[in-house]
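Here is the structure we will look at.
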Amino acid sequence: MTVPTTSFDGYVAVPFRPLIDGIAERGEFGDDDIQIAAYAGTELVLDIAIGPEITRESLLIPYSVSKNTIAMSIGLLLERGQLDLDAPVARYWPEFAAAGKAAITVRQLLSHQAGLPQTAPRLTRDELADTVRGAELLAAQRPIWHPGSAFGYHAVTIGILGSEIVRRITGRTLAEFYEQEIRGPRGLDFYLGLPEELEPRALDLLPMRPVTGSAAPPFPRTPGQLGLYVMAGGAPSADEDERRRQARRDRAIGMPAAGATVSARGIAALFAESTVGLTSAPLLSADTIDQLAQPQVAGIDEVIGIERRYGIVFQKPVPGLVFGGFRAFGHDGMGGALGFHDPETGISFGYTVRRMPPPGGCDARALHIAQAMRSIVRQA
Amino acid sequence: MTVPTTSFDGYVAVPFRPLIDGIAERGEFGDDDIQIAAYAGTELVLDIAIGPEITRESLLIPYSVSKNTIAMSIGLLLERGQLDLDAPVARYWPEFAAAGKAAITVRQLLSHQAGLPQTAPRLTRDELADTVRGAELLAAQRPIWHPGSAFGYHAVTIGILGSEIVRRITGRTLAEFYEQEIRGPRGLDFYLGLPEELEPRALDLLPMRPVTGSAAPPFPRTPGQLGLYVMAGGAPSADEDERRRQARRDRAIGMPAAGATVSARGIAALFAESTVGLTSAPLLSADTIDQLAQPQVAGIDEVIGIERRYGIVFQKPVPGLVFGGFRAFGHDGMGGALGFHDPETGISFGYTVRRMPPPGGCDARALHIAQAMRSIVRQA
Amino acid sequence: MTVPTTSFDGYVAVPFRPLIDGIAERGEFGDDDIQIAAYAGTELVLDIAIGPEITRESLLIPYSVSKNTIAMSIGLLLERGQLDLDAPVARYWPEFAAAGKAAITVRQLLSHQAGLPQTAPRLTRDELADTVRGAELLAAQRPIWHPGSAFGYHAVTIGILGSEIVRRITGRTLAEFYEQEIRGPRGLDFYLGLPEELEPRALDLLPMRPVTGSAAPPFPRTPGQLGLYVMAGGAPSADEDERRRQARRDRAIGMPAAGATVSARGIAALFAESTVGLTSAPLLSADTIDQLAQPQVAGIDEVIGIERRYGIVFQKPVPGLVFGGFRAFGHDGMGGALGFHDPETGISFGYTVRRMPPPGGCDARALHIAQAMRSIVRQA
């Protein structure tokens, strides 16, 4: 039974009330603006907003949580038998075979193994919106490692690559395909390209709090700071007005890798619609979900220099990013947001935060809540 | 020259007397019951029992030291040209091709790469005895990682999988094949299925000593505690009477992955018979041994979360499990036992202990003795 | 503009004067004998000798910096279309297919993946000069790990293996091919086989300073001390006269893996000639350089037990060996020397030192200078 919570704006199911009340009592979110939502199976068991300026209907850019739309779109092509993960990419996209890439499979491409974590030359923030132009550049490049010998986060380019796969098969960009086949029919608050009329619901992110004392750089390990180099294409402007204009443009464009606009409930609902179905039958079969969620690579990520485990686009739990059991899958964002589904508990989870956390991944508080919910369900 | 030792019940060759006398003087085994045996080439250079209740003829369950029987049985099929490590498993076992497993090779299957570290649903302790039923379940499953992308200890299932390979090729279970082709003809005290008349020689294991202070959990790293989850199928009962009944049943069944019944001399003799031959010609050629002992994978084991290096079924030395030089091969058991052969020194080694050590692998004292023997032989 | 430096014997371009003057002021090289040279594009921006007995014309053995000649020779075969990295080695060298090596590719062979880090039996120092005999032994051996499952430094054998590839294709040993196609036409002070008449320019290396206090052994991690075992073939004699005779023989032989004779300017010039061309057009196209510099493997090196990343023969930057950005490539030597090119900055760098550093790789001061030069160029 899900009932209104007196602690915050929103609703919480009975088993999770002590967790939410505890958060309220400890005041651990200060004056941050937060949304948390979760389904247990098809039941919305948590849907709250915390903080002075946010409501459950607010929409934010969750950065790489956007990538969950890539995974689900690819899943739909698998479900329909239109895509073979073990086929060479070049079967669908012949130009991709250039410069030693003829043997790269779709599976490798979509699990950060292709060695194409950036375009050469680098695209500007505006050019990043043109996934077709980005795909042309990437198709001509030689991988920066021998394909299959390593993996590393394709922070921006996995959206370009995934979109081109979808476009070659369906004739539509990933954003169009996702909107028409997934978001629209299910009515999800998880947009790739926010309609103008919904702009009033949008909240701009707030920059990271100034770091006091000495803080380790986020990715100190990689020679040549490859990590930062790759990520820098998406860095927000230092000027506040410009940052707002950027954000509005980003929301309109809806770049699949990092430019969605969502509520926490929208994130959770994407996972619930895909796995168990809310408004109609599940988008994907259990077998397709298993294929997407199967770990494809594990170890040190060559780009960001820390441990990672990736499925097809999805992140899998690793130390430091334990959002669920070993069957769980999802994606966090450097803005602090998080989305995942855990087949073991049946939980579909969404989290947004307006204030960017210190570099390194999602807000640690999101992981704590996810872990607490997992414990509650397993002990029930 | 091997002579009786005055320190313990048994025999020791002259070069190893200072080592054994030192152990006696320091009293480092307290009142634990231990067996240690070793061959140097074909000579039994060490065969002792230490402790109040054990003799050299006692028989214990050595847990995963049992897996050495799987490796040697597979080796015999290689030796006879009946098995090709690079063939797909499905060539011998067509049903195995289901759910994305068509390309998995025998080599991958037998080096913990297949992504099948547990059955779904989980088998009970009794059901684990039925390797054919277990094989049916595993043949239908999707690997929990993309085959070839990772490896992780198939603590129980490698016995089921190895047994099914043997059965498909020979028409006999692994336990039957091993008994008829290896143990029986060689008269080894290393049983898969202990005959009723030998039960009087059996000693039950003793549970781990209570841990005082804070102890790290054995496999803290893996998300969802996959490690513990996988191992739990074989956990002993907390009730002492039930534990004894379980042990008796386990000895009768002789599960290849963890349910053999052995003496230390039996362990050492399995390795000596296989590599140099005691009662007749060596069971396996040097070339077959090289194939089995060749490392197939190295790095962090995805299931138990620590460093491992596996050959074909065999463990290879890694930090924390240095039982020999880089050519050495064998297997330890979580009960504390250890067995290996090191081609560099010619040593075949067996060790049993009645008291289970802290979680993490074999008794550290077994490794110290193995390392000391290696030093002695290399300096000779 | 490159001008004479008042600090040391030699020349330095204006942007690097503060760096070189700082080194002089701090006296950080004590009485060590050092050469440092660098090209920025085609301009020699640094060419100095530091220390009482060395000049810019002195020639030293740089140990594994020699391996850069293997990489460049292989590159020339790629450039000319005479070698396919993805072909099995056995296409060029049929005997190599023995003992489970039929599928090993040239790419794997030349990136330390073949599992042949030593010959069996081990060759003596003199026998190491005969690469054809060494190649016969290696062709018959079973890899010490399953090919493709691991990688580890083939400290000596990569020279034998690379030389045999060159010999099978061109009919000439690598040393002959390199001399006739690369060193001779370009007039490089980087010899595989020092002509007798140049012996007066040769300086013998000085042994490591005695270590005071407790020092970690260089490769403590590998079971069986495989690392040291593999390297020991090239260990210098403890007797000083014998060491000098060895050095003279080594210089005459010019073993490709570790026996070149060079000046720092010669090292830098090899990289500049190969990438941008000094005396004529570049030896290799940008595309060939990209193929050689592409990382083939990354992670823990199974032989030396520390992190490494290898291209085709070349080392790539890793923590502890950060000589440049992620596109940089080169090779250091345990004698302390270093050579590399970084496409990002255009720097071609050479460094020699007469006094062997503590075990583990090149002189740390060489890395500091390389990093400082990189910063200067990137800020320009």
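Tabulated data for the structure shown
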{"quantity": "Separation in nanometres of the label points that stand 7 Å from Cα toward Cβ, at residue A:364 and residue B:17", "calculated": "6.1"}
{"quantity": "Calculated label separations, residue A:204, copies of the chain, 7 Å along the beta-carbon direction, nm", "calculated": "7.3, 7.3"}
{"quantity": "Shielded residues, segment A:125-156 - accessible-area loss of 10 Å² or more between chain alone and all protein chains, probe 1.4 Å", "calculated": "A:142, A:143, A:144, A:145, A:146, A:149"}
{"quantity": "Axis-nearest residue in chain C [Cβ, rotation onto A], distance in whole Å", "calculated": "C:299, 4"}
{"quantity": "Inter-part distance where segment C:303-325 and segment A:99-172 are each reduced to a Cα centre, Å", "calculated": "26"}
{"quantity": "Contact order normalised by residue count of segment C:4-108, Cα under 8 Å, 6+ apart, percent", "calculated": "18"}
{"quantity": "³J(HN,Hα), Karplus 6.51/-1.76/1.60, whole Hz, each residue of segment A:319-328, x for Gly, Pro", "calculated": "x, x, 9, 8, 8, x, x, 6, 8, 5"}
{"quantity": "Pairwise burial C:A, computed as accessible area of each alone minus the pair, summed, 1.4 Å, Å²", "calculated": "1300"}
{"quantity": "Taking chain C and dividing mean pair separation by its residue count, relative contact order in percent (alpha carbons under 8 Å, at least six apart)", "calculated": "23"}
{"quantity": "Within a Gaussian network of chain B (alpha carbon springs, distance under 10 Å), most fluctuating of B:262, B:313, B:132", "calculated": "B:132"}
{"quantity": "FRET E, pair residue A:202, residue B:120, Förster distance 56 Å, beta-carbon r, rounded to 0.05", "calculated": "0.80"}
{"quantity": "Listed residue (C:75, A:298, B:352) projecting farthest to the positive dipole end of the protein assembly as shown, Cβ model", "calculated": "C:75"}
{"quantity": "Shielded residues, segment B:323-356 - accessible-area loss of 50 Å² or more between chain alone and all protein chains, probe 1.4 Å", "calculated": "B:326"}
{"quantity": "Residue with peak Gaussian network fluctuation, chain A [Cα springs, cutoff 10 Å], from A:301, A:342, A:86", "calculated": "A:86"}
{"quantity": "For chain C: rounded, prolate or oblate by the Cα gyration tensor [a/c cutoff 1.5]", "calculated": "prolate"}
{"quantity": "Sites excluded, trypsin sites (Lys or Arg not before Pro) in DSSP loops with at most 14 other C-beta within 10 Å, longest stretch of chain A", "calculated": "A:123-380"}
{"quantity": "Antiparallel DSSP beta bridges within the protein assembly as shown, percent to nearest 5", "calculated": "95"}
{"quantity": "Residue C:31-residue A:244 pseudo-label distance in nm [points 7 Å out on the Cα-to-Cβ vector]", "calculated": "7.1"}
{"quantity": "Shortest-first nm distances, residue C:245 label point to equivalent points in other copies (7 Å, Cα→Cβ)", "calculated": "8.0, 8.0"}
{"quantity": "Segment A:243-291: relative contact order in percent, alpha carbon pairs under 8 Å with at least 6 residues between", "calculated": "17"}
{"quantity": "Radius 10 Å from Cβ of residue A:183, net charge of other residues (Lys, Arg +1; Asp, Glu -1)", "calculated": "-3"}
{"quantity": "For segment B:255-380, accessible area per residue (1.4 Å probe, heavy atoms of protein chains only), Å²", "calculated": "26"}
{"quantity": "Segment B:4-122: C-alpha gyration tensor shape, a/c 1.5 cut-off, then a/b vs b/c", "calculated": "prolate"}
{"quantity": "Reachable aspartates and glutamates, given that their alpha-carbon falls under 18 Å from the alpha-carbon of residue B:316 and they are not under 8 places away in the same chain", "calculated": "B:287, B:290, B:301, B:302, B:307, B:332, B:342, B:344, B:363, C:301, C:302"}
{"quantity": "Percent antiparallel among DSSP beta bridges (both partners in chain C, rounded to 5)", "calculated": "95"}
{"quantity": "Two-decimal Rg to Rh for the protein assembly as shown - Kirkwood Rh, Cα set", "calculated": "0.99"}
{"quantity": "Kirkwood hydrodynamic radius of segment A:79-161, from inverse mean 1/r over distinct Cα pairs, in Å", "calculated": "12.8"}
{"quantity": "Protein accessible area in chain A, 1.4 Å probe - carbon and sulfur %", "calculated": "53"}
{"quantity": "Cut-off 12 Å between beta-carbons: net charge of the residues surrounding residue C:146, Lys and Arg +1, Asp and Glu -1", "calculated": "+2"}
{"quantity": "Nonlocal amide H pairs with residue C:306, under 5 Å, H built at 1.01 Å", "calculated": "C:301"}
{"quantity": "R0 of 25 Å, Cβ-Cβ distance residue B:86-residue A:95: FRET efficiency to nearest 0.05", "calculated": "0.15"}
{"quantity": "Accessible solvent surface per residue of segment A:78-192, calculated while the other protein chains remain in place, 1.4 angstrom probe, Å²", "calculated": "34"}
{"quantity": "Exposure rank, largest accessible area first [A:12, B:322; 1.4 Å]", "calculated": "B:322, A:12"}
{"quantity": "With DNA, RNA and ligands ignored, accessible area of residue A:208 (1.4 Å probe; Å², nearest 10)", "calculated": "70"}
{"quantity": "Burial of 10 Å² or greater, segment B:258-300 residues [accessible area, probe 1.4 Å, versus chain by itself]", "calculated": "B:287, B:290, B:291, B:294, B:295, B:296, B:298"}
{"quantity": "Choice from A:352, A:170, A:131 showing the highest fluctuation, given a GNM over chain A with Cα pairs closer than 10 Å", "calculated": "A:170"}
{"quantity": "Prolate/oblate/rounded label for segment A:86-222 (Cα gyration tensor, a/c 1.5)", "calculated": "oblate"}
{"quantity": "Label point distance in nm, residue A:127-residue B:172, each placed 7 Å from Cα along Cα→Cβ", "calculated": "7.0"}
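The values are calculated or read from the model by the stated rules, or taken from the named source; none is laboratory data. Computed from a prediction, not measured in an experiment: that's the story for all the values here. So basically every Cβ, Gly included, is an ideal-geometry build from the backbone, and we count neighbours across all protein chains shown. Side chains are part of the model used for accessible areas, which takes the heavy atoms of the whole protein and leaves out ligands, DNA and RNA. Shrake-Rupley method; radii C 1.70, N 1.55, O 1.52, S 1.80 Å.
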